[in-house]
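Student: Can you read through this structure? Questions will come right after.
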Amino acid sequence: KSKLNTNIIGKKILCFETIGSTNDHAKKIAKESEEGTIILSEEQTKGRGRMGKVWHSIKGDGIWLSIILKPDIPPYHAPIITQIAGLSVVIALNELGVKSSIKWPNDILINNKKICGILTEMSIEIDRIDHIVVGIGMNVKTLDFPNDIENMATSILKEGYSLNRLDILSRILEKFEEFYTDYVSNNDIEKIANMCKTYSAIIGKDIYVIKGDKRRKARGIDINKNGNLIVEYEDGSSEELVSGEVSIRGE
Ligand code: BTN
C-alpha cells in the first residue's frame, strides 16, 4: 500500500467510481473546499481535453484527477500552474524509471506519443484568482485508443512498463506539493521555466505552431524566464508564444 507524504495536496481526496468530469466537479465544490482537495475517479463519462476536445477516460485504465488550488497570484501567472503539473508528472515518471518529456505547455510524452494531458481552469474575482482547478489525465493501462488518436496516444502499459496507479499518483502529488509550495512562497517562475526546459520534448526540434486554423512550420528554440516558448520560423523570424494562445504539433 502506498503512503502519501504530503501536507496540503491530497489531504482530502474525494474518490468516485464514475463521474462526468473531475474538473467539472472540482469547479462546483471549489469555493467551499480547502486548498489541495483532490477529486479522483475510476471513470469519466464527460472527460474534457483542451480546446473543447473529448478526453477518453475508460474505467480503471488511467489516472483521472483534479486538484483545487487557491494561490494568491495574479491571473496572468496561472499558466505556471500547468507547468508545475507537467513537471511533477515528468519527474514522477522518470523517478519510476519511465523516460518522458514535456511538450510545452501541457502534454507529457513517452517516445513522442502523448501519455498525459493537463487542463488548467481558473475562476477570477475582481482581478484576483479565486481558485484554480488543475486536471491531470494519464493513460496507464489503455491498450486501444479511438482511431483518430491512435497514432498520437499511448499508455504506460503500451510502452512496456507495468506500474501501479497508486504509486504513480502518490509520486505525482508529492512532486506537485514540492514545486507548488516552493512557487507560492518564492514566486520564482524562472526556476520552474528552467526545469521545464530541461525536460522539454520540443527544444531544438521541428514543430508546427497552430493558431486557430493557421499552421506554421517552426523550430523550438527556448523556454524563457517567463515560461514562454520561443520559436523560430522558416523565414528566420522568431516569436514568443504564451500558453493558452497556441497549440504545438510535432513534425
Ligand atoms: C488535454 O490534453 O487536452 C487535457 C486533458 C485533461 C484530462 C483531464 S482527466 C481529469 C480532468 N477532468 C477532465 O474532464 N479533464 C481533465
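The values are calculated or read from the model by the stated rules, or taken from the named source; none is laboratory data. Note that the coordinates shown come from a computational prediction; the quantities given were computed from them, not determined experimentally. Cβ: placed from backbone, ideal geometry, glycine included. Neighbour counts: every protein chain shown. With ligands, DNA and RNA removed, areas are computed over all heavy atoms of the protein, side chains included. Shrake-Rupley method; radii C 1.70, N 1.55, O 1.52, S 1.80 Å.
Student: List every residue pair whose Cβ atoms sit under 6 Å apart, with the two residues 6 or more apart in sequence or on different chains, where the first one lies in the range 4-24 and is closer than 21 Å to Arg48 by Cβ and the second, anywhere, is open to solvent by less than 60 Å² (accessible area, probe 1.4 Å) and assigned to a loop (DSSP other than H, G, I, E, B).
Tutor: Glu17/Glu42; Thr18/Glu43; Ser21/Gly47
Student: Then there's this: Which of the numbered conditions does Ile68 fail, given that it passes all the others? Conditions: (1) outside any loop (DSSP other than H, G, I, E, B); (2) within 9 Å of the ligand (Cβ to nearest atom).
Tutor: (2)
Student: How many of the residues in the range 93-120 are among the small types (Gly, Ala, Ser) and under 16 Å from Trp64 (Cα atoms)?
Tutor: If we filter the range 93-120 for residues that are among the small types (Gly, Ala, Ser), which is where we start, we get 97, 100-101, 117.
Retained after the next criterion (residues that are under 16 Å from Trp64 (Cα atoms)): 117.
Final tally of qualifying residues: 1.
Student: So which of Ile91, Ile84, Ile73, Ile80 is in a helix (DSSP H, G or I) and over 25 Å from Asn164 (Cβ atoms)?
Tutor: Details: Ile91 fails: over 25 Å from Asn164 (Cβ atoms); Ile84 fails: over 25 Å from Asn164 (Cβ atoms); Ile73 fails: in a helix (DSSP H, G or I).
Sole residue among the options that is in a helix (DSSP H, G or I) and over 25 Å from Asn164 (Cβ atoms): Ile80.
Student: Between Asp148, Asp144, Asp130, which is acidic (Asp, Glu) and part of a loop (DSSP other than H, G, I, E, B)?
Tutor: Values: Asp148 fails: part of a loop (DSSP other than H, G, I, E, B); Asp130 fails: part of a loop (DSSP other than H, G, I, E, B).
Matching residue, one of Asp148, Asp144, Asp130: Asp144.
Student: Just checking, does the range 133-153 include any residue being at pLDDT 95 or above, open to solvent by less than 70 Å² (accessible area, probe 1.4 Å) and farther than 19 Å from Ile63 by Cβ?
Tutor: Checked the range 133-153: no residue is at pLDDT 95 or above, open to solvent by less than 70 Å² (accessible area, probe 1.4 Å) and farther than 19 Å from Ile63 by Cβ.
Student: Which ones in the range 219-241 are open to solvent by 60 Å² or more (accessible area, probe 1.4 Å), under 21 Å from Pro79 (Cα atoms) and not in a strand (DSSP E or B)?
Tutor: If the condition is that a residue be open to solvent by 60 Å² or more (accessible area, probe 1.4 Å), under 21 Å from Pro79 (Cα atoms) and not in a strand (DSSP E or B), then Lys225, Asn226 are the ones that fit.
Student: Would the range 101-115 turn up any residue that is within 10 Å of the ligand (Cβ to nearest atom) and assigned to a loop (DSSP other than H, G, I, E, B)?
Tutor: Yes: one or more hits.
Student: Could you say which residue among Ser21, Ser33, Ser41 is modelled with pLDDT of 95 or more, open to solvent by less than 50 Å² (accessible area, probe 1.4 Å), on the phi < 0 side of the Ramachandran plot and in contact with a Phe, Trp or Tyr (Cβ under 6 Å, 6 or more places away or on another chain)?
Tutor: Details: Ser21 fails: in contact with a Phe, Trp or Tyr (Cβ under 6 Å, 6 or more places away or on another chain); Ser33 fails: in contact with a Phe, Trp or Tyr (Cβ under 6 Å, 6 or more places away or on another chain).
Of Ser21, Ser33, Ser41, the one residue that is modelled with pLDDT of 95 or more, open to solvent by less than 50 Å² (accessible area, probe 1.4 Å), on the phi < 0 side of the Ramachandran plot and in contact with a Phe, Trp or Tyr (Cβ under 6 Å, 6 or more places away or on another chain) is Ser41.
Residue-wise test of (1) open to solvent by 50 Å² or more (accessible area, probe 1.4 Å); (2) part of a helix (DSSP H, G or I); (3) closer than 30 Å to Lys70 by Cα.
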{"position": "Arg171", "(1), (2), (3)": "yes, yes, yes"}
{"position": "Glu178", "(1), (2), (3)": "yes, yes, yes"}
{"position": "Tyr183", "(1), (2), (3)": "no, yes, yes"}
{"position": "Glu190", "(1), (2), (3)": "yes, yes, yes"}
{"position": "Cys196", "(1), (2), (3)": "no, yes, yes"}
{"position": "Ile207", "(1), (2), (3)": "no, no, no"}
{"position": "Lys217", "(1), (2), (3)": "yes, no, no"}
